[in-house]
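Since the structure comes first, as structure tokens, the remarks are kept for the end.
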Amino acid sequence: MFSIDTQTILLGSLAVLAVFAAVFLRHWREDPGRIEFVLWAVGAGAGSLGALLALVSDSYFIGTSFAQSYFLLAGALAWQGLRLFDHRRFDLRLAVAGPALFFVLTASAPVFEQDANARLLFLCMLGALYSGLIAWEHRISEREENLANRRATRIWFSLQSGLLFLTGLATFIAPLPQQDVSAGLPFWTFPAVLAVFLQSIVAPVTFLLLLRDRLVVETRWASATDSLTGLANRFTFLDMLQTLSTKVRGEGAFLYVDVDHVKRINDRFGHSGGDEVLKNCADIILRELPEHALLGRLAGAEFAAYVPFCKVEEAEKLAHIIHDSVEQQMFFLGGELVPVTVSIGVAHGVMQVTADELLKRADAALHTAKVNGRNSVVVWADGQRPSFA
């Protein structure tokens with residue numbers, strides 16, 4: 001038998017949750033568009049209020065029904081906040097339904113007022129449900145966005161859900177004493193109460209860790225991609241090219257694409273017009289390339305693509321498809337139809353040709369296309385100067 005100081009545990013939960021409520025509110029003030037911070041702040045505040053009511057009130061109605069309902073509300077809002085964090089729809093009515101049902105039944109049904117075991121069973125099952133829902137949300141999101149702390153968080157909430165479920169079942173095996181619940185409690189209450197206290201610490205911390213993980217991923221992504229097109233930037237493309245060409249060790253083709261006369265478009269329609277043309281051209285190139293191709297933006301109007309396992313004839317055909325697709329695309333700028341064309345240099349290599357050499361050959365082929373009036377495809381042939389195609 002164990003003696004549990006529930007007052008100390010409630011006081012600790014009150015303080016911890018109040019601090020986290022303030023932390024989430026501060027995050028929301030810095031980024032008002034993130035409503036999940038509001039839900040997590042309100043949830044932590046509800047848990048803190050529940051602990052306060054349980055501490056100061058001797059009334060069953062306030063100290064038990066109200067207090068425990070607020071604990072459940074904290075879990076429900078944590079669940080809905082996580083859905084928002086992972087870009088899924090949230091439903092406040094669904095979040096409030098469980099705590100409201102618990103309050104109504106425990107405040108009106110005599111069986112819950114007279115039997116602490118029935119009340120604890122109901123509370124544990126709802127708590128297990130919310131912890132399980134949070135774990136399930138992490139399981140779904142883990143497939144889409146595998147953040148560093150996602151798996152550990154899912155495991156924690158799964159264990160918490162299982163523990164609360166077993167705690168509810170334990171009321172049938174070793175029920176709580178009906179007269180004095182502060183002394184002589186069954187052995188299973190100690191780990192259960194300790195786990196609930198740890199939940200008040202771990203749950204908010206996991207949300208903050210996930211936020212940090214996402215910021216790290218977004219920062220890395222921003223440094224690796226071109227902000228306008230979303231393609232790999234020059235540094236990332238060349239780095240990936242070296243890795244991919246080494247792993248492939250076979251035939252591959254390099255396409256160097258330059259959008260013709262972008263400066264004229266910028267001068268006439270502003271940089272926003274030029275940006276729109278570049279973004280649309282990037283989308284066209286990406287659409288026409290095979291799925292296994294690597295595409296990046298190397299400079300202002302220059303795009304590069306590496307296509308592994310691609311013969312020279314296939315590469316030339318692919319370049320003409322991209323050229324024709326851009327030429328046939330209708331670009332409307334300032335209410336005016338603007339013709340847009342591209343020049344493409346194509347280089348082909350086998351195992352002994354390095355990625356750097358491919359890039360140089362495609363660059364030379366592209367230069368030839370520009371010298372000969374642009375709006376064309378030029379193919380580099382081994383042992384030959386680039387010829388106008």
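The values are calculated or read from the model by the stated rules, or taken from the named source; none is laboratory data. Note that the structure is a prediction, hence the values are computed from the model and not measured. Here Cβ is always computed from backbone atoms with ideal geometry, including for glycine, and neighbour counts include all displayed protein chains.
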Selected residue [touching a residue at least 40 places away in the same chain (Cβ under 8 Å) and over 30 Å from ARG139 (Cβ atoms)] from SER65, SER108, SER13, SER59: SER65
Residue that is farthest from ALA74 (Cα to Cα), among those in region 103-116 that are buried (at least 17 other Cβ atoms within 10 Å of the Cβ) and in contact with a helix residue (DSSP H, G or I) (Cβ under 6 Å, 6 or more places away or on another chain): PHE112
Residue that is farthest from ILE35 (Cα to Cα) [pool: residues in region 78-97 that are among the small types (Gly, Ala, Ser) and crowded, with 21+ Cβ neighbours inside 10 Å]: ALA95
Filtered residue count, region 194-210, keeping only those that are crowded, with 19+ Cβ neighbours inside 10 Å and not β-branched (Val, Ile, Thr): 6
Residue list for region 204-234, restricted to those being within 18 Å of the chain's Cα centre (by Cα) and hydrophobic (A, V, I, L, M, F, W, C): VAL205, PHE207, LEU208, LEU209, LEU210, LEU211, LEU215, VAL216, VAL217, TRP221, ALA222, ALA224
Test set (1) of a type in the set (A, V, I, L, M, F, W, C); (2) under 40 Å from the mean Cα position of the chain (by Cα); (3) modelled with pLDDT of 90 or more - VAL312 fails condition number: (3)
Matching option when the condition is among the hydroxyl-bearing types (Ser, Thr, Tyr), in the same structural domain as ARG374 (by TED's automatic domain parsing) and in contact (Cβ under 8 Å) with a residue 40 or more places away in the chain, among SER272, SER325: SER325
Wholly enclosed helices (runs of 4 or more DSSP H) of region 55-130 bearing at least 3 residues closer than 22 Å to LEU194 by Cα: 67-85
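This table checks each residue for (1) within 36 Å of the chain's Cα centre (by Cα); (2) modelled with pLDDT under 95; (3) crowded, with 21+ Cβ neighbours inside 10 Å.
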{"site": "GLU316", "(1), (2), (3)": "no, yes, no"}
{"site": "ILE322", "(1), (2), (3)": "yes, no, yes"}
{"site": "GLN329", "(1), (2), (3)": "yes, yes, no"}
{"site": "LEU333", "(1), (2), (3)": "yes, yes, no"}
{"site": "GLU336", "(1), (2), (3)": "no, yes, no"}
{"site": "VAL346", "(1), (2), (3)": "no, yes, yes"}
{"site": "GLN352", "(1), (2), (3)": "no, yes, no"}
{"site": "ALA355", "(1), (2), (3)": "yes, yes, no"}
Top-ranked residue of region 314-348 - restricted to ones that are of a type in the set (D, E, K, R) and touching a strand residue (DSSP E or B) at 6+ places or on another chain (Cβ under 9 Å), ranked as farthest from LEU228 (Cα to Cα): GLU314
Scan of region 373-388 for residues that are modelled with pLDDT of 90 or more and either among the hydrophobic types (A, V, I, L, M, F, W, C) or in a strand (DSSP E or B) (or both), ordered by number: VAL377, VAL378, VAL379
Residue check for GLY43: under 30 Å from the mean Cα position of the chain (by Cα), within 22 Å of PHE197 (Cα to Cα), assigned by TED's automatic domain parsing to the domain that holds HIS87 and of a type outside the set (A, V, I, L, M): yes
Residues of region 247-267 classified as touching a residue at least 24 places away in the same chain (Cβ under 8 Å) and exposed (fewer than 14 other Cβ atoms within 10 Å of the Cβ), total: 2
Unmet requirement for HIS292, which otherwise passes all of (1) in contact with a Pro (Cβ under 7 Å, 6 or more places away or on another chain); (2) crowded, with 17+ Cβ neighbours inside 10 Å: (2)
Scan of region 30-41 for residues that are assigned to a helix (DSSP H, G or I) and surrounded by fewer than 22 Cβ atoms within 10 Å (Cβ to Cβ), ordered by number: GLU30, ILE35, VAL38
